[in-house]
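The values are calculated or read from the model by the stated rules, or taken from the named source; none is laboratory data. None of these values were measured; they are calculated from a predicted model. Ideal geometry is used to build each Cβ from the backbone, glycine not excepted, and the neighbour counts take in all protein chains shown.
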Amino acid sequence: MIDYDALKKLIAEEGIEFIDFKIVDLVGRWRHITIPASRFTPHLIENGIAFDGSNFGYASVEGSDMVVSPDLDTAVIVSYNDERVLSIISDIHMAGGKGPFIGDPRGVARRAEGFLASEGIAETALISPEFEFYVFAQSEYNSKPGESYYSLTPLTEGAEYSFYHICPPEDQLFTLRNEICRQLERLGIPIKYHHHEVGPLGQLEIELGFDRLLKMADNTLIIKNIVRTVAAEAGLTATFMPKPIFGEPGSGMHVHQYLATGGQSIFEQKGELSEIGLCYIGGILSHGRSLSGLTNPSTNSYCRLVPNYEAPVTLAFGEGNRSAAIRIPGYATAEERRIELRTADATCNPYLAYAGMLMAGLDGIKRNLNAVDLGFGPHKNDLYNLSPEAAEKLVQVPADLGEALSALEDDHDYLTAGGVFEKEQIARWIELKRKDQRGLRSRPHPYEFSLYYNL
């Protein structure tokens, strides 16, 4: 635990001039408010800093007075173009001393952890994401009346061979990844490894060690911010879009996860996945279509979730099977016996997505939704190459964002158990995302000009 006096001493010793408060908006993007270090007082910590919640997607303009409430335990010193500031992730409270804002995504993640503990199933949920992203030399894009385009300039040309784990000199982004990981390790974020991914046009991956759900959701936004910042400082541009390039592999955010008590995974049973683990999988796959509304909440998400580009489209599981929505890593130790959800991507709000995964899994445990009994697997075959008859017997991920949101609209009681998610919050999320969908549907797509302009 870090208290105010310890931070005030750190500010003085390090010569920090500014304090930066990070707040997540509803879509999952960080916003920030910065104050001079002289204004960092006990009064500010107690009363927070007022802001307009309507601009964050949380409220309409007539009821949007909210307050930034700093979580001092998250304080770290970071650098931006040689400017060192104290950065603090913050919760959202209602103005006038009315307590925490029920729609705060960090609050959802915190309540999900509390719900797990209150059910007596396990002590903690542990999360380890894999971050895939592209880095380009340049990006340009615009969408306005009479003009709609994007243009991406890769550092490297396409190749006939796989760039997966390629070495320098072909791996031109090796030192960039080193610098990203160096900065993350300085912040206490454990790096498992990094490497070039399959896509030859600058697709990279950074994989983390495990941490508890709320902490890993915080880390997810830290990582996305540092990746983009380090790339920008190098004169490059980075994106976590699931499918930035047609015909090339998309970028997912595979999420390894397990429940633990006493430091031991409860998914472990004599070297195999336990009954509890199978029911956790059954919960996630039973709610898989609605969960996609949280884990894959962009129109671009469903450009990635198509067959034959290493993105799973079948809600099934298998040991070591990368064509299934859930893979059981064969190399996991007994202490970290886990599952890997392979459908998610980094356009999600990580607080909502990770909490949603946990709530779906817990619903499976509480209702005994054994994944084997429900016919979700285990599958050893390549699920990308099923016959049409075999594919019809298996549940597929939604075909687009509209399908995912309709599924979430129809199936969300598992999220509201224990008051973790609020129905109003889910409705606001669905409306926000339907606005994205309507915006895309009402605009001519550049590819349509190739199809129809001279018809």
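State yes or no: is A125 more than 23 Å from R228 (Cα to Cα), at pLDDT 90 or above, part of a strand (DSSP E or B) and in the same structural domain as L341 (by TED's automatic domain parsing)? Considered against the rule, which asks whether it is more than 23 Å from R228 (Cα to Cα), at pLDDT 90 or above, part of a strand (DSSP E or B) and in the same structural domain as L341 (by TED's automatic domain parsing), A125 comes out as yes. Among the residues of region 409-430, those identified as surrounded by 14 or more Cβ atoms within 10 Å (Cβ to Cβ) and farther than 13 Å from F115 by Cβ are E409, D411, H412, E422, Q425, I426, R428, W429, I430.
Note on region 263-343: enclosed helices (runs of 4 or more DSSP H) holding 1 or more residues that are within 20 Å of the chain's Cα centre (by Cα) and among the polar types (S, T, N, Q) are 288-295, 301-304.
Condition (residue is out of contact with any His (no Cβ under 7 Å at 6 or more places or on another chain), under 28 Å from V27 (Cα atoms) and among the basic types (K, R)) applied to region 329-343: is it met by at least one residue? Within region 329-343, not a single residue is out of contact with any His (no Cβ under 7 Å at 6 or more places or on another chain), under 28 Å from V27 (Cα atoms) and among the basic types (K, R). Considering only residues of region 359-397 that are at positive phi and not polar (S, T, N, Q), which is surrounded by the fewest Cβ atoms within 10 Å (Cβ to Cβ)? The extreme case among them is G375. Exactly one residue among I92, I49 is more than 19 Å from W429 (Cα to Cα) and either touching a strand residue (DSSP E or B) at 6+ places or on another chain (Cβ under 6 Å) or outside the structural domain of L432 (by TED's automatic domain parsing) (or both), and that residue is I49.
Residue by residue, here is whether (1) touching a helix residue (DSSP H, G or I) at 6+ places or on another chain (Cβ under 8 Å); (2) not in a loop (DSSP other than H, G, I, E, B); (3) not charged (D, E, K, R) holds:
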residue	(1), (2), (3)
A6	no, yes, yes
D20	no, yes, no
I23	yes, yes, yes
G28	yes, no, yes
R31	yes, yes, no
A59	yes, no, yes
V68	no, yes, yes
I77	yes, yes, yes
I88	yes, yes, yes
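Any idea how many residues of region 220-242 are of a type outside the set (G, A, S) and more than 25 Å from P297 (Cα to Cα)? The number of residues fulfilling the criteria is 3. For the condition in the same structural domain as F421 (by TED's automatic domain parsing) and at pLDDT below 95, T156 qualifies.
Output the qualifying pairs, or none if there are none: Cβ atoms under 7 angstrom, residues six or more apart or on different chains, first residue in region 90-103 and in contact (Cβ under 8 Å) with a residue 60 or more places away in the chain, second residue in a loop (DSSP other than H, G, I, E, B). From region 90-103, the pairs are S90/D71; I92/F101; I92/D104; I102/E422; G103/Y58; G103/E422. With respect to K243, is the statement that it is in contact (Cβ under 8 Å) with a residue 60 or more places away in the chain, of a type in the set (D, E, K, R) and in a loop (DSSP other than H, G, I, E, B) true? Yes.
Which of the residues spanning region 104-141 are farther than 30 Å from G418 by Cβ and out of contact with any Phe, Trp or Tyr (no Cβ under 6 Å at 6 or more places or on another chain)? Within region 104-141, E132, Y134, V135, F136, A137, Q138, S139, E140 qualify. Exactly one residue out of T34, T41 is β-branched (V, I, T), within 31 Å of the chain's Cα centre (by Cα) and more than 30 Å from F421 (Cβ to Cβ): that is T34. Scan region 244-296 for residues that are crowded, with 23+ Cβ neighbours inside 10 Å and charged (D, E, K, R) and the total you get is 0.
Here Y58 fulfils each of the conditions (1) modelled with pLDDT under 90; (2) assigned by TED's automatic domain parsing to the domain that holds L362 apart from (2).
Taken over region 262-283, the criterion of being among the charged types (D, E, K, R) and modelled with pLDDT of 95 or more is satisfied by E275 alone. The set of residues in region 128-157 being surrounded by 12 or more Cβ atoms within 10 Å (Cβ to Cβ) and either in contact with a Cys (Cβ under 9 Å, 6 or more places away or on another chain) or assigned to a loop (DSSP other than H, G, I, E, B) (or both) consists of A137, P154, L155, T156. The residue that is surrounded by the most Cβ atoms within 10 Å (Cβ to Cβ), among those in region 297-309 that are polar (S, T, N, Q) and at pLDDT 95 or above, is S301. Within region 52-71, the presence of a residue that is touching a strand residue (DSSP E or B) at 6+ places or on another chain (Cβ under 6 Å), surrounded by 12 or more Cβ atoms within 10 Å (Cβ to Cβ) and of a type in the set (F, W, Y) is excluded.
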